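The values are calculated or read from the model by the stated rules, or taken from the named source; none is laboratory data. Quick caveat: nothing in here was measured; it's all calculated off a predicted structure. Counting neighbours? That spans all protein chains shown, and the Cβs are built from the backbone with ideal geometry, glycine included.
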Amino acid sequence: MGHGVELAAADGHRLSAYLAEPAGTPRGGIVVIQEIFGVTSHIRSVADQYADAGFTALAPALFDRVERGVDVPYTDIAKGFRYMKTMKNAKVLLDAQAAIDDVRAAGKVGVLGFSWGGTVAYLAAARLEIDAAVVYYGGQIRRYLCYKPRCPVLFHFGRKDAHIAPETVERIKAANPQGIFHLYPAEHGFNCADRACFEPASAKLALKRSVEFLHRTLG
């Protein structure tokens, strides 16, 4: 459905992105933020799902500042972490802003992120001008609870997530009393059909809730 485009960040950096557009008039724009594995086929499929739901969806390649075309196998978590550790939040948010600016013509804008991208989505909700955010299993949010979202945020976590303790979810909930939280009988990465931890029933329900939330908040 989608195709590649190029974006320009405010500091002059140019990055690639995957753009998926709806068949009719868009209901708004969605920026899809990757996991530590890059703009994988899964991330592209998420953008396609949101285009099917009526949004202009754009997935920026945030690792382009380090290496272009990053697409790490889900079995090589260590390699994904090496890329992630080179990233600086200020630059990541510059690139997220470039994507937000690009889809703003579609209407209100939401940011949707997975794992590391979920934390980026949370930071975008607190520090950038967006209208909604959806966070999938963003455990590192615990490091940024001093930042308060300025827009509605929907959170998805798995009860069986070995990477995010229940206490961490409770801390995030306590710091975000206006947030909408859902927990699923699933592991970390449950939304991704390319991973062993994929839990289709949870993924389907989380998608339904996310689309309904974004229809309410964006249009």
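Miscellaneous remarks
- Residue in segment 44-53 that is in contact with a Ser or Thr (Cβ under 8 Å, 6 or more places away or on another chain) and more than 21 Å from LYS108 (Cβ to Cβ) present: no
- When restricted to residues that are touching a residue at least 60 places away in the same chain (Cβ under 8 Å) and not aliphatic (A, V, I, L, M), segment 163-215 contains 9.
- Selected residue (only one of THR25, THR75 is surrounded by fewer than 13 Cβ atoms within 10 Å (Cβ to Cβ), over 27 Å from TYR144 (Cα atoms) and at pLDDT below 95): THR75
- Residues of segment 25-44 classified as among the hydroxyl-bearing types (Ser, Thr, Tyr) and without any contact (Cβ under 8 Å) to a residue 40 or more places away in the chain, total: 1
- For segment 125-153, taking the residues that are in contact (Cβ under 8 Å) with a residue 60 or more places away in the chain and within 27 Å of CYS197 (Cβ to Cβ), the one that is surrounded by the fewest Cβ atoms within 10 Å (Cβ to Cβ) is identified as ALA132.
- Only residues that are buried (at least 16 other Cβ atoms within 10 Å of the Cβ) and either under 28 Å from ARG150 (Cα atoms) or among the polar types (S, T, N, Q) (or both) were counted in segment 199-210, giving 5.
- Qualifying residue in segment 179-190 (condition: part of a loop (DSSP other than H, G, I, E, B) and modelled with pLDDT under 95): no
- Between THR217, THR168, the distinction of being closer than 19 Å to ALA124 by Cβ, over 16 Å from the mean Cα position of the chain (by Cα) and not in a loop (DSSP other than H, G, I, E, B) belongs to THR217 only.
- Number of the exception - PRO149 against (1) in contact with a Lys or Arg (Cβ under 8 Å, 6 or more places away or on another chain); (2) part of a loop (DSSP other than H, G, I, E, B); (3) of a type outside the set (S, T, N, Q); (4) over 17 Å from VAL46 (Cα atoms): (1)
- Whichever residue in segment 106-124 is surrounded by fewer than 24 Cβ atoms within 10 Å (Cβ to Cβ) and among the small types (Gly, Ala, Ser) and, among such residues, is nearest to THR56 (Cα to Cα): ALA106
- If you go through segment 49-104 and pick out every residue that is under 15 Å from ALA124 (Cα atoms), of a type in the set (Lys, Arg), touching a helix residue (DSSP H, G or I) at 6+ places or on another chain (Cβ under 9 Å) and in a helix (DSSP H, G or I), you end up with 1.
- Whichever residue in segment 182-198 is surrounded by fewer than 20 Cβ atoms within 10 Å (Cβ to Cβ) and of a type in the set (A, V, I, L, M) and, among such residues, is nearest to SER41 (Cα to Cα): ALA193
- Condition met for VAL153 (at pLDDT 95 or above, farther than 22 Å from GLN49 by Cβ and either out of contact with any Phe, Trp or Tyr (no Cβ under 8 Å at 6 or more places or on another chain) or among the β-branched types (Val, Ile, Thr) (or both)): no
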